[in-house]
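These notes are about the structure you will find just below.
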Amino acid sequence: MTTATAGGAGAAPPADDTHPRPSPPPDPKRSRRSVTGTRRVIAAAFLLPALVLLGALVVYPIGYSVYRSFFDQAGTGFAGIDNYKALFTDATIVTAVKNNAIWVVLAPTVATALGLIFAVLTERIRWGTAFKLIVFMPMAISMLAAGIIFRLVYDQAPERGVANAVAVGVHDTFNQSSVFPKARPLPVHPLEKGAGGTFVSKEPIRAGQPLRVPLVGVAPARMPDDAKPAEGAPAASGEAISGTAWLDFTRGGGGKPNVVDPKELGLKGLEVEAVKDGKVVATATAGADGVFTLPASADGAQLRLPADNFREPYNGVDWLGPSLVTPGIIGSYVWMWAGFAMVLIAAGLAGLPRELLEAARVDGANEWQVFRRITVPMLAPVLAVVLVTLMINVLKVFDLVFIIAPGSSQDDANVLALQLYRSSFGTDADLGIGSAIAVLLLLLVIPVMLFNIRRIRKEGRR
């Protein structure tokens, strides 16, 4: 039996640093495992259903939409890029593109700004949690319900629309509306229509002759509550001239025109003027019984009823008209999503290092400087997340515009998502145009998504 000795034939060769040993061949069993130690076949089996769903629900619809966008309305003829040309030449679609640009710029900016203000201010108040709950509550409402709510809010009738009820209340506080907007004289009355909506007497007024100012066209139910039965003008003292302004209409009939009947009411608040050579020499206001008195200087003048007596009442703002419908709908969107922005920003605000804020205050910075120079820059990543999320969301807005905008203003409030629905399923359906709009929306969303992905990767490397 031989024993291997150093340097003998049975000994292993000495290690040589200049010639390292070759690495052993990879184990084929190990090569079939993933980083986590799972066999690749098993991993692929688990991923396959998700990949199939992704392809069926995302990839295939996108590819088919791109394919269909090159066909005509019937879907049988190849249209080339004509559908894409129509996106920038058709007036209706161009309006939708412009409105989408307004939405993307205005809605996310306003919602984020309000969310930032709410989040910062609620940190300083004792009932901040309750305030946040109230602001966030509209997020629990569907777009359909929010659209119905704001369709009523923007109703033109002040008795139904809250926005116009407020507008009319503020307006009437500073500018009193007339209570006789449709009043007018009959041809048998001693008045005739003048310039600028006024009514003037057919004959000059004379001292000692009682004046009669009968009008019709006012519903008895719309008369002032404190109006009293009209009285014939009494004999005025001295050289003064008296008269009566009344509603020359008797409920149930039986009254005589141009005569003060017992059941006829005085036109309380009606203003009368005495005009000579185009100048107002005297004015008077009718009392609850319609009686008014002019001074002696009115002798020989012409009696005039100013147009302010018959001014139409202020009915508020046409919120859903062509010029304000898009800002009005954006306002409803901000009402819903400002709470979403506030919650995300408040979460980011809670993570800010308080020692930096306190150090700035110790150094003499006021609250505005702390907010502008420290709070906002440190919240920039959160603000970017909110802005990007809302920008993607407003590109798809459809429900609010479809529900809030009336038929007469829907073309003026049109957006791409609504036009996509109208082009694909409307009375003049054109699937080629609808598919082209869908592709355009995809192209508009891609840059925002790439920006978001790049931002996320940059934050991950920090």
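The values are calculated or read from the model by the stated rules, or taken from the named source; none is laboratory data. What you are looking at is a predicted structure, and each value in this text was computed from that prediction instead of being measured. FYI the Cβ positions are ideal-geometry reconstructions off the backbone, even for glycines, and counts take in every protein chain you see.
Before moving on, here are some points about what is shown:
- Filter result (in contact with a helix residue (DSSP H, G or I) (Cβ under 8 Å, 6 or more places away or on another chain) and surrounded by fewer than 16 Cβ atoms within 10 Å (Cβ to Cβ)) within segment 97-120: I102, T109
- Scanning segment 86-96 for residues that are over 11 Å from D412 (Cα atoms) and either surrounded by 18 or more Cβ atoms within 10 Å (Cβ to Cβ) or modelled with pLDDT of 90 or more (or both) returns A86, L87.
- Taken as a whole, the condition of being at pLDDT below 85 and under 20 Å from G252 (Cα atoms) does not apply to P214.
- Members of segment 305-360 that are outside any helix (DSSP H, G or I), among the aliphatic types (A, V, I, L, M), within 23 Å of D411 (Cβ to Cβ) and touching a residue at least 40 places away in the same chain (Cβ under 8 Å): V317, L320
- Taken together, the criteria place R372 among residues that are without any contact (Cβ under 8 Å) to a residue 24 or more places away in the chain, among the charged types (D, E, K, R) and surrounded by fewer than 19 Cβ atoms within 10 Å (Cβ to Cβ).
- One residue stands out among those in segment 273-291 that are within 18 Å of M223 (Cα to Cα) and of a type outside the set (S, T, N, Q): the one that is surrounded by the fewest Cβ atoms within 10 Å (Cβ to Cβ), which is A288.
- Test result for L420, assigned by TED's automatic domain parsing to the domain that holds S332, under 23 Å from L324 (Cβ atoms) and surrounded by 14 or more Cβ atoms within 10 Å (Cβ to Cβ): no
- Residue count for segment 47-100 satisfying the condition of being in a helix (DSSP H, G or I), in contact (Cβ under 8 Å) with a residue 60 or more places away in the chain and within 28 Å of the chain's Cα centre (by Cα): 7.
- Tallying residues that are out of contact with any helix residue (DSSP H, G or I) (no Cβ under 6 Å at 6 or more places or on another chain), buried (at least 18 other Cβ atoms within 10 Å of the Cβ) and among the small types (G, A, S) within segment 162-182 yields 0.
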